[in-house]
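Beneath this line is the structure, given in structure tokens, with notes to follow.
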Amino acid sequence: MTRPNILFITADQMRWDCLGCAGNPVIQTPHLDALAAAGTRFTNAFTPDPICVPARASIMTGNYPQVCTGHKGNTGAIREGQPLLTRTLKSAGYRTYALGKLHFLPYAPPDQPRTTHGFDHVEWTESGRILKQYDPKGERRGVEDYFDHLHDQGWHGYARAHGIGNNDVRPCASPLPAELYVDAWIADRSIAALDRHCDEHADAPFFLWMSSPKPHSPYDPPPPFDRLHDPRTIPPPFGDLSLLEHMDPNIEQTLYSHGCDSLSPEAWQVIRSYYYGNISFLDAQVGRVLAHLDRLGLRENTLIIFTADHGDLLGDFGSAFKSNHMNGSVRVPFLAAGPGIPAGAVASAPMGLQDLHPTFADFAGADIGQPVHGLSLRSLLDGGPSQREWYYACTGHPGHQSSMIANGEWKYIYSEHGGIEQLYDQRNDPGEVRNLAGDPAHVFRTSEMRERLISEARKTA
């Protein structure tokens, strides 16, 4: 087998349980379900830090964010001397492309080179974040490529014509026609990049990162996807406000800072239905790109991985978004298909996003050049044993940090703010509504996992 092409597809803020193949009875994800059927689905996939910037830094380097950026919060540029995925793959002859949301810091002014970490070709949208910083009235070109596209199509300014912000919890349908919605543009540009690669670099393998900014809020699918799922049929959130007393205080803080406390149960169902609509629209765009891969005759020798940078509580415990270690926030979908990967397999070993860099390097026959925290998943995909017993994750800033360890059976969380401990039986309580840390029957297990977390944390200090 020659070095495989690599198609890496990511969602932003997508929960682990929002796939039909993961058992969701309502959501419509036929193309991602087909990808899972053609390959392996990981049931215990996590993000090392449930926020955009640090999660993406871990993808790029294979290391935990506190090492590769020096931060556990949503800030920090990748440090000099850290291994970069692009550098690893280019050393093995790959051409590298990135289309969509990268969220690499710092954002550079329009007249300075972009922070792209070595990709050969980049076309991006940062959901208006760079525009907000450098061109709030949208008067310049070359700031964010997607917004230039809307201008050229006669829809300048309509990406946010509904007035909903990047971290608003209330939903609204996009005013844009579906063919101009951001994920359609990313799929269009991914297809164009594949064509250009075949025309200009057919002798080299490619790494293409198709990076959607959805279903991250605003929850604003274009019609008719805003009405695709009946809110009355959507599975309700896990837990309620009464459980917050025994959880990371940051979850309750988000409840009030983002106005979630005023939402009725029915409102949450509508919000969740729009979120589902965003995912179904993304699924359709994934289907378009995979179909084009087939037309080009490249599918057989292409490794395809789909995942997300983190999840979204989406009403669990009355709150929303991420930055905590509850399943809705820290668990992510993870599908892998391609040469040598068994079809229809399900892997339960704990793994995470820092494993992507070493996995891609392994398939490419490339040398990262230095040790990293991540582990290649290739042996797991071949049916081998797991090299990791527990998965460790962390997030926050001094005074408000939290961390966890999990293995698919048990999860332990410690929150620095308030010294709160949480222990969950993952097999019998996947919604994490019963904290066993204060249960006399689980005193020994709580103590044992507390020490285990300390040990894992020291390995990544």
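The values are calculated or read from the model by the stated rules, or taken from the named source; none is laboratory data. Since the model is a prediction, treat every value here as computed from it, not as a measurement. Every residue, glycine as well, gets a Cβ built from its backbone with ideal geometry; the counts of neighbours run over all protein chains shown. Each accessible area value is taken on the protein alone, full model and side chains, heavy atoms only, with ligands, DNA and RNA left out. Shrake-Rupley method; radii C 1.70, N 1.55, O 1.52, S 1.80 Å.
Brief remarks on what is shown
- The Kirkwood radius of segment 264-345, taken over pairs of alpha-carbon atoms, gives through the Stokes-Einstein law at 4 °C and 1.567 mPa s a diffusion coefficient of 86 µm² s⁻¹.
- Net charge of neighbours whose Cβ lies under 13 Å from the Cβ of Pro236, counting Lys and Arg as +1 and Asp and Glu as -1: -2
- P(r) tail fraction, segment 366-461 - alpha-carbon pairs more than 21 Å apart, %: 42 percent
- Whole-number D in µm²/s for the chain (Stokes-Einstein; Kirkwood sum over Cα pairs; 37 °C, 0.692 mPa s): 147 µm²/s
- Å² of accessible area per residue within the chain, as computed with a 1.4 Å probe and no ligands counted: 37 Å²
- In this structure, Ala202 and Asn167 have a Cβ-Cβ separation that, at R0 = 45 Å, corresponds to a calculated FRET efficiency of about 0.60.
- When Rg and Dmax are taken over the Cα atoms of segment 137-215, they come to 15.2, 48 Å.
- With all pairs of separate Cα atoms included, segment 289-417 yields a Kirkwood hydrodynamic radius of 16.8 Å.
- Model label zone, Leu296; criterion: amide N under 20 Å from point 7 Å along Cα-to-beta-carbon; scope segment 328-363: 336-340, 360-361, 363
- The listed residues Asp316, Asp439 rank as Asp439, Asp316 when sorted by accessible area, largest first, using a 1.4 Å probe.
- Cα gyration tensor, segment 43-97 - rounded (a/c under 1.5), prolate or oblate: oblate
- Electrostatic dipole magnitude of the chain [Cβ: Lys, Arg +1; Asp, Glu -1; Cα centre; debye, to 20]: 520 debye
- Rounded if a/c under 1.5, otherwise prolate or oblate - segment 61-203, Cα gyration tensor axes: oblate
- Net +/- balance of residues flanking Gly259 in space, Cβ distance below 13 Å, scoring K and R +1, D and E -1: -1
- Separation of the Glu245 and Arg288 label points, Cα + 7 Å toward Cβ, nm: 5.1 nm
- Portion, in percent, of the accessible area of the chain that falls on carbon or sulfur, probe 1.4 Å: 50 percent
- Cα convex hull of segment 108-153, projected area averaged across orientations, nm²: 3.3 nm²
- When you count the other C-beta atoms within 10 angstrom of each residue and take the mean per peptide, 130-143, 202-215, 247-260, 324-337 line up highest first as 324-337, 202-215, 247-260, 130-143.
- Hull volume per residue, based on the alpha-carbon atoms of segment 62-137 and their convex hull, is 103 Å³.
- In this calculation the C-beta distance from Asp429 to Tyr256 is compared with R0 = 25 Å, giving a FRET efficiency of 0.40.
- Partners of Lys411 within straight-line reach, counting lysines whose Cα lies under 24 Å from its Cα and excluding those fewer than 8 residues away in the same chain: Lys72, Lys322, Lys459.
- Per-residue surface analysis assigns Leu105 an accessible area of about 40 Å², computed on protein heavy atoms at 1.4 Å probe radius.
- With coordinates expressed along the principal axes, the C-alpha atoms belonging to segment 201-327 extend over 59, 31, 20 Å, beginning with the largest.
- Largest first, the extents of the alpha carbon coordinates of segment 355-412 on the three principal axes equal 42, 28, 13 Å.
- Hypothetical label at Thr2: residues of segment 347-372 whose amide nitrogen lies under 17 Å (7 Å Cα-Cβ projection): 363-366
- Per-residue SASA remark: Lys72, around 50 Å² accessible (1.4 Å probe; ligands, DNA and RNA not included).
- Here segment 1-108 is treated as an ellipsoid with the same Cα gyration tensor; its semi-axes, largest first and in whole Å, are 27, 20, 12.
- In this simple spin-label approximation, Glu266 and His417 carry label points 7 Å from Cα along the Cα→Cβ vector, and these lie 3.3 nm apart.
- Relative contact order (%) - criterion: Cα under 8 Å, at least six apart; region: segment 386-461: 21 percent
- Rounded to 5, percent antiparallel among DSSP beta bridges of the chain: 45 percent
- Taking a Cβ cut-off of under 13 Å around Ala337, the surrounding Lys, Arg, Asp and Glu residues balance to a net charge of -1, with basic ones at +1 and acidic ones at -1.
- Computed on the chain, with alpha-carbon pairs under 8 angstrom and 6+ residues apart, the relative contact order is 26 percent.
- Relative contact order (%) - criterion: Cα under 8 Å, at least six apart; region: segment 25-138: 18 percent
- Ranking of His357, His149, His292 by solvent-accessible surface, largest first: His149, His292, His357 (1.4 Å probe, protein heavy atoms only, all chains present).
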